[in-house]
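Each remark here refers to the structure printed beneath this line.
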Amino acid sequence: MKLSIDVYSLEKMIGYVANINKVSTLQFVIYQRYKEEYGQKEAEKAKLLAEFSCIGDLFQEKIKFDSFFEKNPAEHLGFTSFVKKHDGFIGHIPMIDFNCSYSIENILKIEKTLSLLEQRKGFLLESGKSYHFYGIDLLSVEGWVDFMKRCAEQDIIGKHWPSFQLQRGYSTLRISTSTQKPHLPKVVVKIGDFDI
């Protein structure tokens with residue numbers, strides 16, 4: 001697997017994944033994290049924003065998510081895995097919230113984990129304390145369920161995040177800052193051999 005150090009904005013990364021897959025619709029949520037890390041209170045607070053239609057290069061640096069969607073400072077803006085394509089396909093972008101600290105050793109562990117999960121192309125982001133992953137190759141609904149179950153078996157991911165995503169029916173990763181999470185996730189590693 002080829003790893004390269006690359007820095008892209010969230011908008012450019014999401015735009016690339018949408019455009020390469022001919023995605024017509026993306027979803028975003030606003031939510032607030034409570035002390036119970038993956039408890040029911042978070043699910044009750046989550047607000048699904050209207051489905052967002054993709055038009056051409058809509059995301060290529062023209063929209064800054066933090067300012068485009070209104071939210072209060074304590075809330076998080078999340079990007080969901082759910083997508084619709086122009087041909088009617090409904091599926092998911094592979095997403096992972098890793099549970100490890102920043103280090104070269106952990107990036108190598110993540111690379112091995114991604115190989116086990118058959119994720120050979122995508123983007124690794126620094127999320128503030130750990131890493132997020134966005135894959136490029138879309139999963140069917142059934143494939144996403146299997147993917148989340150396999151993620152729960154990986155120590156570097158942990159069981160709570162995948163099980164909570166399965167309860168909701170889609171994955172979500174944070175793409176904004178908040179009072180609790182002042183670090184904006186940023187792309188730091190491109191995984192696989194492709195041009196963006």
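Near Y8, the amide H atoms lying under 5 Å from its own belong to V187; only residues 5 or more places off or on other chains count, and H is placed 1.01 Å from N. Couplings for the stretch 81-98, taken from phi via the Karplus curve 6.51 cos²θ - 1.76 cosθ + 1.60 with θ = phi - 60°, read 6, 5, 9, 10, 9, 4, 8, x, 4, 10, x, 9, 7, x, 9, 9, 9, 6 Hz in order; Gly and Pro are left as x.
For Y131, the residues whose amide H sits under 5 Å from its own are F98, C100, ignoring neighbours fewer than 5 places away on the same chain, with H placed 1.01 Å from N. Relative to the current alpha-carbon distance between H160 and H86, full extension at 0.36 nm per residue lengthens the span by 23.3 nm. Taking amide H as placed 1.01 Å from N in the peptide plane, the amide H of H76 sits under 5 Å from that of Y31, Q32, R33, each at least 5 places away or on another chain. Too long at a 23 Å Cα-Cα cut-off: which of K112/K149; K12/K109; K112/K159; K22/K121? Correct reply: K12/K109. Label-to-label distance for K129 and S9 is 2.9 nm, based on points extended 7 Å past Cα in the beta-carbon direction.
Using the Karplus relation 6.51 cos²θ - 1.76 cosθ + 1.60 with θ = phi - 60°, the per-residue 3J(HN,Hα) values for the stretch 131-140 come to 10, 10, 10, 10, x, 9, 7, 5, 10, 5 Hz, with x marking Gly and Pro. Scalar couplings 3J(HN,Hα) for the stretch 141-154, obtained by applying the Karplus form with A = 6.51, B = -1.76, C = 1.60 to θ = phi - 60°, are 4, 5, x, 5, 4, 4, 4, 5, 5, 5, 4, 5, 8, 9 Hz; x denotes Gly and Pro. State, to one decimal in nm, how far the label point of K181 lies from the label point of S115, with both points 7 Å from Cα in the Cβ direction. Label at K181, label at S115, 2.9 nm between them. Near P185, once Lys and Arg are set to +1 and Asp and Glu to -1 for all other residues with Cβ below 10 Å from its Cβ, the sum equals +2.
Bear in mind that the values in this text are calculations on the coordinates, not laboratory data. This is a predicted model, so every value here is computed, not measured. When we count neighbours, we look across all protein chains shown, and the Cβ atoms used for this are built from the backbone with ideal geometry, even at glycine.
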